[in-house]
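S.K.: Following this message is one structure expressed as structure tokens.
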Amino acid sequence: MEIDPRAADRLPFHDPDEAEQAHAGAIELSHDAQRRHLQRVPIFSGFSENELRRVAELSRIVEAPVGTVITQIGDPGDSFFVIIDGMAAVRTPVGAGSQLQPGDFFGEMSLLDGEPRSATIVATTDLRLLIVDRSHFWRLLDETPDLIRRILTILSRRVRRLEQTVHAILRGTNPA
């Protein structure tokens, strides 16, 4: 994904601290600003200050304008994404999927199994994303075991929802 980090100056998500940094020409958010964003994301709820600091150190926050393709089916996966602000659409080989919203994450499957991306994700609004690159993903999981449990729980729910959809299709009923 090629997101211009300078695009952050143009998007409407800035709090006063961030606006000051933008005017000073800063591209990266401070770790304090990152921690404030992380505290609003459900997957990080209940994390200690130390855990949030570590997530902030191993990640970056990027803003993407509406229409940006974040991931593309078939591309190699090199990052894990958590939506902080905004919405994104999921497109899979079988059609349109659900709408992703703040707190939702994606990209973990390619990092876990090394396979290409299984979905295309497109920003349907301006997005603020937390991104953890492959080089930091496993270290983050090692250092925050609660994050592993949360990711596994959500992956399990996704598999169960997919199984229910497949069964409904096989029975000829509407899965929705």
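The values are calculated or read from the model by the stated rules, or taken from the named source; none is laboratory data. Given the structure is predicted, the values throughout are model-derived calculations rather than measurements. FYI the Cβ positions are ideal-geometry reconstructions off the backbone, even for glycines, and counts take in every protein chain you see. Surface areas here come from the heavy atoms of the whole protein model, side chains and all, with no ligands, DNA or RNA. Shrake-Rupley method; radii C 1.70, N 1.55, O 1.52, S 1.80 Å.
S.K.: Would you check which residues across segment 92-143 are touching a residue at least 60 places away in the same chain (Cβ under 8 Å) and among the basic types (Lys, Arg) and list them?
M.R.: Of everything in segment 92-143, those that are touching a residue at least 60 places away in the same chain (Cβ under 8 Å) and among the basic types (Lys, Arg) turn out to be ARG128, ARG139.
S.K.: Can you confirm whether LEU162 is more than 17 Å from the chain's Cα centre (by Cα) and among the hydrophobic types (A, V, I, L, M, F, W, C)?
M.R.: When the stated conditions are applied, LEU162 passes them.
S.K.: Here is a further query. Across segment 158-176, which residue is modelled with the highest pLDDT among those that are open to solvent by 90 Å² or more (accessible area, probe 1.4 Å) and assigned to a loop (DSSP other than H, G, I, E, B)? Outline the logic, then answer.
M.R.: Taking segment 158-176 as the starting set, the residues that turn out to be open to solvent by 90 Å² or more (accessible area, probe 1.4 Å) are 160-164, 167, 169-171, 174, 176.
From what is left, the residues that are assigned to a loop (DSSP other than H, G, I, E, B) are 174, 176.
Values: ASN174: 61, ALA176: 58.
Top of the filtered list is ASN174.
S.K.: I'd like the full set of residues that are of a type in the set (A, V, I, L, M, F, W, C) and open to solvent by 30 Å² or more (accessible area, probe 1.4 Å), limited to segment 67-90.
M.R.: Correct list: VAL69, ILE73, MET87.
S.K.: Name the pairs whose Cβ atoms lie under 8 Å apart, with the first residue in segment 43-71 and on the phi > 0 side of the Ramachandran plot, the second in a helix (DSSP H, G or I) and at pLDDT below 85, and 6 or more positions between them or separate chains?
M.R.: GLY46/ASP146
S.K.: Tally the residues that are closer than 26 Å to VAL94 by Cβ and outside any loop (DSSP other than H, G, I, E, B), restricting the search to segment 110-157.
M.R.: Adding up the residues that qualify gives 17.
S.K.: Would you kindly identify the helices (runs of 4 or more DSSP H) lying entirely within segment 1-68 that contain at least 1 residues that are modelled with pLDDT under 80 and charged (D, E, K, R)?
M.R.: In segment 1-68, 16-23, 31-39 are the helices (runs of 4 or more DSSP H) which contain 1 or more residues that are modelled with pLDDT under 80 and charged (D, E, K, R).
S.K.: Scan segment 91-108 for residues that are open to solvent by less than 20 Å² (accessible area, probe 1.4 Å) and either closer than 17 Å to THR125 by Cα or assigned to a strand (DSSP E or B) (or both) and report the count.
M.R.: So the answer is 4.
S.K.: Any idea which of (1) under 22 Å from THR144 (Cβ atoms); (2) buried (at least 17 other Cβ atoms within 10 Å of the Cβ); (3) out of contact with any helix residue (DSSP H, G or I) (no Cβ under 7 Å at 6 or more places or on another chain); (4) not aliphatic (A, V, I, L, M) is the one ASP32 doesn't satisfy?
M.R.: Among (1) under 22 Å from THR144 (Cβ atoms); (2) buried (at least 17 other Cβ atoms within 10 Å of the Cβ); (3) out of contact with any helix residue (DSSP H, G or I) (no Cβ under 7 Å at 6 or more places or on another chain); (4) not aliphatic (A, V, I, L, M), ASP32 violates only (2).
S.K.: Is it true that ASP113 is at pLDDT 90 or above, surrounded by fewer than 16 Cβ atoms within 10 Å (Cβ to Cβ) and either touching a strand residue (DSSP E or B) at 6+ places or on another chain (Cβ under 8 Å) or more than 21 Å from PRO42 (Cα to Cα) (or both)?
M.R.: Taking the combined requirement at face value, the residue does not satisfy it.
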